[in-house]
Amino acid sequence: MKFKKILIANRGEIAVRIARTCRELGIETVAVHSTVDENSLHVKLADESVCIGPAKPGLSYLNIPNILSAAEITGADAIHPGFGFLSENKEFAEMCEKWGLEFIGPNADCIERMGDKILSKVIAEDAGLPVLKPIKVNGREDNEILSEVEKMGLPVLIKASAGGGGRGMQRIDDMADILSAISRLKMEAKAGFGDDTLFIEKYITNPRHVEVQILADKKGHVIHLGERDCTIQRRFQKVVEESPCPVLSDERRKEICDSAVNLAKFVKYDSVGTVEYLYDQDDDKFYFMEMNTRIQVEHPVTEQRTGVDLIAQQIIAASGESISFTQEQIVFSGHVVECRINAEDPKTFVPSPGKILHYHRPAGLGVRVDDFIYSGYSVPHYYDSMLAKIIVSGVDRDECLNRMERALKETVIEGIKTNKTLHLMIISDKDFRGNNYATDFLVKKLK
């Protein structure tokens with residue numbers, strides 16, 4: 001292995017996940033942390049740790065000079081950004097290269113081109129993928145925008161080009177709401193992403209959110225590791241993920257997965273990534289939505305179904321080594337479901353930071369838990385509220401869901417509020433069990 005020491009430029013369960021794989025690969029790790037994360041689990045598991053600033057992300061986990069300095073003083077030769085924070089930041093990837101550090105992710109050109117949600121659709125269309133053509137907003141007159149929306153037809157979705165994680169989006173059902181929504185979303189996008197570029201696309205009323213896991217190396221090899229269904233969402237943020245997608249035919253599944261591989265080859269992708277689609281259940285058609293040039297929160301779903309360590313493959317690809325297996329050697333087994341456990345009020349969804357008085361994780365056949373919490377740990381209010389991911393495997397979907405229900409009931413987190421009861425509602429719901437739902441599932445169920 002080329003790398004001797006990797007700095008993990010992240011926190012929480014993904015930092016723990018990366019540290020564990022590095023240890024299995026014989027690679028030393030450096031954890032960076034803010035002042036409030038001094039006692040976080042990823043700090044305890046790493047070989048070394050460096051404090052990179054105060055609690056606020058902009059002063060620590062988004063502080064590029066401090067992170068690069070931490071890599072220099074510890075002698076790291078690569079940086080793994082995890083997901084979120086700097087994982088899709090072109091400038092960070094370029095700075096790593098200038099400092100002689102390997103960025104464990106795709107090349108900066110791919111990050112820039114595929115991170116632009118407008119440009120990426122143009123590229124996807126050039127690669128032969130079906131797309132929902134967007135209406136550009138910035139630099140255009142109000143009456144021109146309204147005229148094009150009328151031609152497209154309601155409902156539509158306004159999106160921030162630089163947005164992600166469900167942020168910077170709004171569904172519009174009334175023409176009277178468009179201009180005020182554009183004004184507000186521009187301000188939010190500028191404040192949240194540093195870019196106020198917006199676009200509008202047709203909103204499909206009965207969609208599934210399907211994504212394909214891609215694995216590529218620097219020698220031009222690209223394979224897929226199947227698809228994940230991420231349809232259960234709240235405010236465009238994923239809540240439950242599963243594989244395989246239970247409503248896709250084998251023919252449509254092959255088309256979606258093949259198209260993702262073709263796109264990755266077209267843009268010369270060279271790392272782990274995800275191509276996301278909207279699948280129209282009414283017309284049995286799919287449309288390219290975006291490409292995520294990083295590891296995904298829900299990557300364990302694919303790992304459990306294929307037996308492939310995606311973090312290890314990401315590191316191997318960054319080192320310049322070739323993928324060691326072919327598409328035909330990938331074996332898909334059973335059904336897998338993941339539930340994201342967040343520190344939030346299950347009724348209001350308000351974050352619930354505080355001290356965890358007691359934590360008991362579920363176990364047993366087919367149950368995996370990715371977390372970073374422990375009894376006595378204090379959850380800070382500065383960061384994302386996700387505490388753990390419960391990933392369950394089964395022979396088929398029914399067994400998998402029954403096992404997930406059991407695992408959720410075994411899970412105990414005392415001292416703070418969590419969304420465990422929300423997951424129990426979802427898993428036991430007859431429409432969810434019967435595959436009779438779309439991305440508005442929680443909107444309807446939580447009325």
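Out of the strands (runs of 3 or more DSSP E) lying entirely within the range 341-444, which hold 2 or more residues that are under 20 Å from His42 (Cβ atoms)?
Passing ranges, in order: 367-371, 386-394.
Among what's in the range 18-35 and is touching a residue at least 60 places away in the same chain (Cβ under 8 Å) and crowded, with 18+ Cβ neighbours inside 10 Å, pick the residue that is nearest to Ala55 (Cα to Cα).
Checking each candidate, the answer is Ser34.
Just checking, how many residues over the range 148-178 are exposed (fewer than 12 other Cβ atoms within 10 Å of the Cβ) and out of contact with any Pro (no Cβ under 6 Å at 6 or more places or on another chain)?
So the count comes out to 5.
Hey, any hits in the range 127-140 for a residue that's under 24 Å from Val239 (Cβ atoms) and buried (at least 20 other Cβ atoms within 10 Å of the Cβ)?
no
Quick one: which residue in Asp284, Asp258, Asp309 is of a type in the set (D, E, K, R) and under 18 Å from Ile18 (Cα atoms)?
When all the criteria are applied, what remains is Asp309.
Take the conditions outside any strand (DSSP E or B), among the charged types (D, E, K, R), touching a Phe, Trp or Tyr at 6+ places or on another chain (Cβ under 6 Å) and at pLDDT 95 or above and apply them to Arg253. Does it pass?
The answer is no for Arg253.
Starting from the range 281-300, keep only residues that are aliphatic (A, V, I, L, M), then list their pairs with residues that are not in a loop (DSSP other than H, G, I, E, B) whose Cβ atoms are within a distance under 6 Å, requiring at least 6 positions of separation or different chains.
What qualifies is Met289/Glu276; Met289/Tyr277; Met289/Leu278; Met291/Met114; Met291/Ser120; Met291/Val275; Ile295/Val272.
Return the pair list, or none, for Cβ contacts closer than 7 Å from residues in the range 242-262 that are more than 15 Å from Ile330 (Cβ to Cβ) to residues that are among the hydrophobic types (A, V, I, L, M, F, W, C) and surrounded by fewer than 19 Cβ atoms within 10 Å (Cβ to Cβ), at least 6 apart or on different chains.
Matching pairs, first to second residue: Asn262/Ala127.
Here are some conditions: (1) in a loop (DSSP other than H, G, I, E, B); (2) touching a helix residue (DSSP H, G or I) at 6+ places or on another chain (Cβ under 6 Å). Phe325 meets all but one. Which one does it not meet?
Condition (2) is where Phe325 drops out.
Quick test for you: out of Glu338, Glu276, pick the one residue that is in contact (Cβ under 8 Å) with a residue 40 or more places away in the chain, in contact with a helix residue (DSSP H, G or I) (Cβ under 6 Å, 6 or more places away or on another chain) and closer than 30 Å to Leu157 by Cα.
Glu338
If I filter the range 10-69 down to residues being in a helix (DSSP H, G or I) and among the small types (Gly, Ala, Ser), which single residue comes out as farthest from the chain's Cα centre (by Cα)?
So the residue we want is Ser69.
Checking Pro362 against (1) crowded, with 18+ Cβ neighbours inside 10 Å; (2) within 22 Å of the chain's Cα centre (by Cα): exactly one of these is not met. Which one?
Against the list (1) crowded, with 18+ Cβ neighbours inside 10 Å; (2) within 22 Å of the chain's Cα centre (by Cα), Pro362 comes up short only on (2).
The values are calculated or read from the model by the stated rules, or taken from the named source; none is laboratory data. In this text the structure is predicted, and so the values were computed from the model without any measurement. Cβ coordinates were reconstructed from backbone atoms using ideal geometry, including for glycine residues, and neighbour counts include every protein chain displayed.
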